1. Would you mention how many residues in region 3-16 are modelled with pLDDT of 95 or more and either assigned to a loop (DSSP other than H, G, I, E, B) or surrounded by fewer than 19 Cβ atoms within 10 Å (Cβ to Cβ) (or both)?
2. In region 95-102, is there at least one residue being free of Cβ contacts under 8 Å to residues at least 12 places away in the same chain, of a type in the set (Ser, Thr, Tyr) and loosely packed, with under 13 Cβ neighbours inside 10 Å?
3. I'd like to check something: does region 140-151 contain any residue that is in contact with a helix residue (DSSP H, G or I) (Cβ under 6 Å, 6 or more places away or on another chain), in contact (Cβ under 8 Å) with a residue 60 or more places away in the chain and buried (at least 16 other Cβ atoms within 10 Å of the Cβ)?
4. Output the number of the condition that Ala114 fails; it satisfies all remaining conditions of (1) over 26 Å from Ile196 (Cβ atoms); (2) surrounded by 14 or more Cβ atoms within 10 Å (Cβ to Cβ); (3) among the aliphatic types (A, V, I, L, M).
5. When you check Thr128 against the structure, is it under 24 Å from Phe197 (Cβ atoms), among the hydroxyl-bearing types (Ser, Thr, Tyr) and in contact (Cβ under 8 Å) with a residue 24 or more places away in the chain, yes or no?
6. Among the residues of region 86-101, is there at least one that is assigned to a loop (DSSP other than H, G, I, E, B) and touching a helix residue (DSSP H, G or I) at 6+ places or on another chain (Cβ under 8 Å)?
7. Being assigned by TED's automatic domain parsing to the domain that holds Met180, at pLDDT 95 or above and under 22 Å from Arg19 (Cβ atoms) is true for just one of Ala118, Ala114, Ala95, Ala89. Which residue is that?
8. State the number of residues belonging to region 175-209 that are free of Cβ contacts under 8 Å to residues at least 24 places away in the same chain and farther than 30 Å from Asp121 by Cβ.
Amino acid sequence: MSKFEVFYAKIAGMAETSRCMLDYADAQWESTYVEDWAALATTTPYGRVPVLRETTADGQRIEFSETRAIERYLARRFGLYSDNLVEAALMDAVASQFDDAMRPLTTAPYVPEADRPALIDQFRKEATRLFTRHTGQLVANGDNGHYVGSRTTWVDIIAYVSIQRMKQSRDFDAELRALMTKSHQKLIDTLEQDPIFKRYLERAEPRLASYFAPN
């Protein structure tokens, strides 16, 4: 059995979907955190995080970066993707659309204050489009709490993690919250009622809480 290591900052950030999938699969894995940011250029495949490191049962070491590449690998590895080309393309599209919405929100804290309003305006536009358009996609799939098919997949986990991150932001105000329809809430409720996903939530709670604890 392989052992996995998720190398990232001590935040949920861009690694939480991968952590969730590893836990959902009940894989043997651990989080390790960046201590020397200056060393990333020489200690990671592309000079940035997250990085997934896998040690196989026969001792082979696999290491690669890029958030969505890691997630797709894990999704395929653990049956959270689709072998159907159309369904896989739909999943990829939804993932990209969440990227468009989340990118300005996650970038905003790290730019000069004068540049922040433009990013938040972009976030609001993308989030509005996402919630408006995705309602139709969820309904077209039977309004069963999943984007594709009738089981939990990679893209459902992306949606759940992204929406929870949005809710934690002060910029996700009442106007944006009102755009979340019963279909989006159905997805959240469906995952939270999934026994395997509930196990992830229970295991993740102390780890996520530690990210906000004083050093």
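The values are calculated or read from the model by the stated rules, or taken from the named source; none is laboratory data. Quantities reported herein were computed from a predicted structural model and do not represent experimental measurements. Because the Cβ atoms are built from the backbone with ideal geometry, glycine has one as well, and the counts that use them run over all protein chains shown.
1. 2
2. yes
3. Yes, there is a match, as at least one residue in region 140-151 is in contact with a helix residue (DSSP H, G or I) (Cβ under 6 Å, 6 or more places away or on another chain), in contact (Cβ under 8 Å) with a residue 60 or more places away in the chain and buried (at least 16 other Cβ atoms within 10 Å of the Cβ).
4. (2)
5. no
6. No, region 86-101 has no match at all.
7. Ala95
8. Qualifying residue count, region 175-209: 9.
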